[in-house]
Amino acid sequence: MDRYLLREHLAPFFFALVVTTFILLMDKLFQLIDLLIVKRVAGMLVLKIFTLSLPSILALTMPMAVLVAVLMTFGRISGDNELTALKSAGLPLARLLFAPALAGAVLTLGLYFFTDRVLPEANHSLKNTFMAISSSKPALRLKDNTFVSDFPGYNILVGKVDDRNSRLHKVTIYESVPNGYPRTIIADEGQLTMMPKQNVLRLELWRGQIHEADASDPRIYHKMDFNTHVINLPLDPATVQTVRSQRGDREMTSKMMQSQISQIEQTISPVRAQLADSSRLSFWQKEQYRQDIHNKTSDIRRYQVEIHKKLAIPFACLVFVLLGVPLGSMTRKGSMGASIGMALGFFMLYWVALVGGEELADRQIMSPWLAMWLANIILGACGALLFLWQNSEADLRKFIPKKAE
């Protein structure tokens, strides 16, 4: 019976995995098509981006596919009265839970290894790939009719961006001038060129004007026409590198993040010691130390959230088995559409709780472990109650009115 149940789970699991992965990939597909056709990014790079985007989606669709498979399998055997026959043969629902729960445990361990080791490397490679594309096509940083403030001291508005040759049309730039009034630069056309050795982005403008007020007397207004004007936009050295050594929290393993937490805690200790000796500090120094501790604590909590998330999402495989078995037995439907619809509904609730918990943890309102495990706790408790109810031998049909039957 265990082998039979596992075989029944295989086909709906893989089918649901493909369907749900494709649904979540739709947004990515439009972006990839835009990169390939509109922005003329090389096909191999687009394929690489597609491949590196899959792990983050599979980490979400794997638990969803588990819920669909369990709902379909137990919905079908319940609808075909196989579940009734098994109970009559002395196999309670608790015994039938053994095989799916064991498979869920194996998936949980495998998915944890995947999210902790494979996913960070994929995210890191994906980030480096986008940076390499940005270096070769700097105009990708800009969008039509959208202000861009990525460059210190400059706000740039471009009417139309030609991503194929980094050509700009109808350019307006608001430049901040130290100890002076802002300068406005308007040009008909422009060209972007990456200068990695100088850590600058060279912006060459053609046929334009520069408008600014006099620094000593704002009543005096200066206007200068130009045929060619060059601006060197400063870049963060990290954005110029096509291969980054540093990593964000979603590009780290749990071990890396634990190391980061230890380093931050070591830097907090002397700050707390100085704050404790507050008699020698001014009010502003105290506030600065408190803000420093707050910022570093926020960094620690952000890493802690990611560490718990790496285990909480894989553990959802087991939670969804516990929830899906009684739900499938109650619905008596084995159709793919009904199962995917129900699974999507529960997974949306799960995801909202996960995202909301992460936000509360980042704001230091809720502890990181509770924020990431609350969804599992709630759905797991609901599944346990439904399972205990379904596993009881009481004949609940006597409570249903005959007309309803």
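Please treat every number below as a calculation from the coordinates, not as lab data. Keep in mind the model is a prediction, meaning the values are calculated, not measured. Cβ placement follows ideal geometry from the backbone for every residue including glycine, while neighbour counts extend to all protein chains displayed.
Remarks
- Each Lys and Arg contributes +1 and each Asp and Glu -1, all at the Cβ; summed about the Cα centre of the chain, the dipole is approximately 660 debye.
- In this entry, segment 1-146 is assigned a mean projected area of 11.4 nm², taken as a quarter of its C-alpha convex hull surface.
- Taking 387, 98, 13 as the candidate residues, the one with maximal mean-square fluctuation in a Gaussian network model of the chain, Cα springs under 10 Å, is 98.
- Rg and Dmax [Cα atoms of segment 1-81; Å; Rg one decimal, Dmax integer]: 17.4, 57
- Distance between the 7 Å Cα→Cβ label points at residue 146 and residue 276: 4.9 nm.
- Selection from 186, 169, 226 lying farthest towards where the dipole of segment 152-234 points positive, charges on Cβ: 169
- Look at the dipole of the chain built from charges on Cβ: of 142, 154, 125, the Cα furthest out on the positive end belongs to 125.
- Pairs of alpha carbons in segment 76-234 whose separation is greater than 29 Å (percent): 50
- Placing unit charges on each Cβ (+1 for Lys and Arg, -1 for Asp and Glu) gives the chain a dipole about its Cα centre, and among 83, 210, 63 the Cα reaching farthest toward its positive end belongs to 83.
- Mean projected area of the convex hull spanned by the Cα atoms of the chain, taken over all viewing directions: 30.3 nm².
- Fewest-first sequence of 317, 382 by Cβ atoms within 10 Å of each Cβ: 382, 317
- Debye-formula intensities of segment 152-234, expressed as log10 I(q)/I(0) at q = 0.11, 0.18, 0.22 Å⁻¹, are -0.31, -0.79, -1.08 (one equal scatterer per alpha-carbon, no solvent).
- D (Stokes-Einstein, µm²/s), Kirkwood Cα radius, segment 250-321, 1.567 mPa s at 4 °C: 91
- Using the Cβ of residue 211 as centre and a radius below 13 Å, the other residues enclosed give a net charge of -2, where K and R count +1 and D and E count -1.
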